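The values are calculated or read from the model by the stated rules, or taken from the named source; none is laboratory data. Bear in mind that the values here come from a model prediction, so they are computed numbers and not experimental data. So basically every Cβ, Gly included, is an ideal-geometry build from the backbone, and we count neighbours across all protein chains shown.
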Amino acid sequence: MIYQFPKDFIWGTAASALQTEGNNTNSDWWRWENNKAPEDKYPLESSGIACVSYHRYEEDLDLCVKLNSNAYRTSVAWGRIQPTPDTFDVKEIEHYRNFLKAAKLRNLKTFITLHHFSNPIWFADMGGWANPKAPVLFEIYAKKCAQVFGDLVDVYLTINEPQVYMNQCYISGAWPPNRENLFLALRVQQNLIKAHKRAYRAIKSVGPHTVGLVKNIIWFEQQPSTYSPVDWLAAKLLFFSNCDQYLRQIGKDLDLIGVNYYFTTRLRGLMLHNLDDVQSDLGWWVYPKGLEHILLHLRKYNLPIYITENGVADCTDRIRKDFIRDMLISCNKAMEQGADVRGYFYWSLIDNYEWHRGYDPKFGLVYVDRKNELARIPRESFYYYAGICKSGRIEK
Ligand code: BGC
């Protein structure tokens, strides 16, 4: 069977600043990674020099070209651009402009995230996302980005996975500021939504830019062979709180929906009941059908959809090719049924810093040899995805 994608389909890969650039010293993550107080939780290792992509971005962009992709998604670091509440760093802005120009020279469309999990230290010290002023502070930064980057950015993505950020930072406490407080978490959630809306309008006031939000969406379903109305209802409610209750609050301030899909949660007797037929190195169940369900569900929003992240931790590259193939087939099937999917970004181009899990999980199409000057070595799946990006079709 052949699955054909439209000619203008966006084929890309995704990454973020702190996970790849290295030395993101003006960030709450950096401070947390490096000032270890014995009683606190910490990540397995610190991001350190990461992949030195801050200096080696041309090499990374060349890999995007070699991959036959036509887009790259990454983030800019707020702490570099705005080192204090009252200043913007001209040199850092120039750095990112050079990066964006280098992408354009290679005919790559640029999808730029303004907030990908880390904050400037000054922002964290003012109370971070729990501060009622946070949405306004973010708006100022977002507006500045639109002014200085303008059309070098094809798509502005305001905030990456606001709900994951809220969960990890204010419910499980795994990430800085390591709080476990539901009340604060709800406040943070509201501030993130407000911040997106303000940033959306601010960017639009600068020019006719395309602006979206990146939402992690988990598919929830009941274990199909044992019907239980309780599991059915629980799955519906969980999906609603993960997806619609969020998107509804954003309302009209959205030109596109960015979907990050990693997993499905199947319920039986109100307990997690996922299969173990295909699993990533992190134990995440690989279930491509979940992506199809999500895309079909999102049709009602009448907005273009981009899969802004989809990837698998797989250090031996044993399941990555099939993962990409089957996820894209699900995507294609949803498109056949009317889902307006415009592009797909595999997470990630190169192995990078996987937050509190350190450098162990390998999501990259490209292996980064940390013992040999961070040499970038494409895996087999890189060439497989390169074939898809080139032909725009999949055979199975
Ligand atoms: C995040 C990435 C992360 C990936 C894999 C997403 O939640 O946006 O930063 O590396 O998942 O865990």
Per the filter on the range 75-104, residues among the acidic types (Asp, Glu) and assigned to a helix (DSSP H, G or I) are Glu92, Glu94
Of Ala234, Ala202, Ala195, the only residue that is touching a Lys or Arg at 6+ places or on another chain (Cβ under 6 Å), farther than 22 Å from Asn302 by Cα and among the small types (Gly, Ala, Ser) is Ala202
Flagged in the range 316-347 as under 20 Å from Asp60 (Cβ atoms) and either of a type in the set (A, V, I, L, M, F, W, C) or assigned to a strand (DSSP E or B) (or both), in numbering order, are Ile324, Gly343, Tyr344, Phe345, Tyr346, Trp347
Note to self: Tell me yes or no: at least one residue of the range 34-57 is assigned to a helix (DSSP H, G or I), in contact with a helix residue (DSSP H, G or I) (Cβ under 7 Å, 6 or more places away or on another chain) and of a type in the set (D, E, K, R).
What the structure shows: no
Of (1) away from the ligand (no atom under 16 Å from the Cβ); (2) assigned to a helix (DSSP H, G or I), Leu275 fails just (2)
Looking for something within 29 Å of Leu295 (Cα to Cα), in contact (Cβ under 8 Å) with a residue 12 or more places away in the chain, assigned to a loop (DSSP other than H, G, I, E, B) and not hydroxyl-bearing (Ser, Thr, Tyr) - is there at least one such residue anywhere in the range 164-183? no
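Which of the residues spanning the range 278-300 are part of a loop (DSSP other than H, G, I, E, B) and small (Gly, Ala, Ser)?
Ser280, Gly283
Condition check ((1) under 18 Å from Lys321 (Cβ atoms); (2) away from the ligand (no atom under 15 Å from the Cβ)) across all residues:
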position: Leu256; (1), (2): no, yes
position: Val259; (1), (2): no, no
position: Trp284; (1), (2): yes, no
position: His297; (1), (2): no, yes
### Query
Looking at this structure, is Leu303 away from the ligand (no atom under 16 Å from the Cβ), in a loop (DSSP other than H, G, I, E, B), under 21 Å from the mean Cα position of the chain (by Cα) and over 19 Å from Arg357 (Cα atoms)?
yes
Quick count over the range 307-319, residues being surrounded by fewer than 24 Cβ atoms within 10 Å (Cβ to Cβ) and more than 9 Å from the ligand (Cβ to nearest atom), is 7
Original post:
Quick one: would you say Ser241 is farther than 18 Å from Pro135 by Cβ, without any contact (Cβ under 8 Å) to a residue 40 or more places away in the chain, among the hydroxyl-bearing types (Ser, Thr, Tyr) and within 16 Å of the ligand (Cβ to nearest atom)?
Top reply: no
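Residue-wise test of (1) within 16 Å of the ligand (Cβ to nearest atom); (2) modelled with pLDDT under 95.
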position	(1), (2)
Leu192	yes, no
Arg198	no, no
Ser205	no, no
Gly212	yes, no
Gln223	no, yes
Tyr227	no, yes
Leu233	no, no
Scanning the range 261-272 residue by residue, the ones that are within 16 Å of the ligand (Cβ to nearest atom), surrounded by 21 or more Cβ atoms within 10 Å (Cβ to Cβ) and part of a strand (DSSP E or B) total 1
Of those in the range 8-17 that are surrounded by 24 or more Cβ atoms within 10 Å (Cβ to Cβ) and either within 13 Å of Asn160 (Cα to Cα) or over 11 Å from the mean Cα position of the chain (by Cα) (or both), the residue nearest to the ligand (Cβ to nearest atom) is Ser16
For the range 109-119, the count of residues that are away from the ligand (no atom under 16 Å from the Cβ) and touching a residue at least 60 places away in the same chain (Cβ under 8 Å) equals 1
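Quick grid of which residues meet (1) within 16 Å of the ligand (Cβ to nearest atom); (2) at pLDDT below 95; (3) surrounded by 22 or more Cβ atoms within 10 Å (Cβ to Cβ):
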| residue | (1), (2), (3) |
| --- | --- |
| Tyr3 | no, no, no |
| Lys36 | no, yes, no |
| Leu44 | yes, yes, no |
| Cys51 | yes, no, yes |
| Arg73 | yes, no, yes |
Of the residues in the range 320-332 that are surrounded by 22 or more Cβ atoms within 10 Å (Cβ to Cβ) and of a type in the set (A, V, I, L, M), the one that is farthest from the ligand (Cβ to nearest atom) is Leu328
Q.
For the structure I just gave you, tell me whether Leu186 is surrounded by fewer than 16 Cβ atoms within 10 Å (Cβ to Cβ), farther than 15 Å from Ser205 by Cβ and not hydroxyl-bearing (Ser, Thr, Tyr).
A. yes
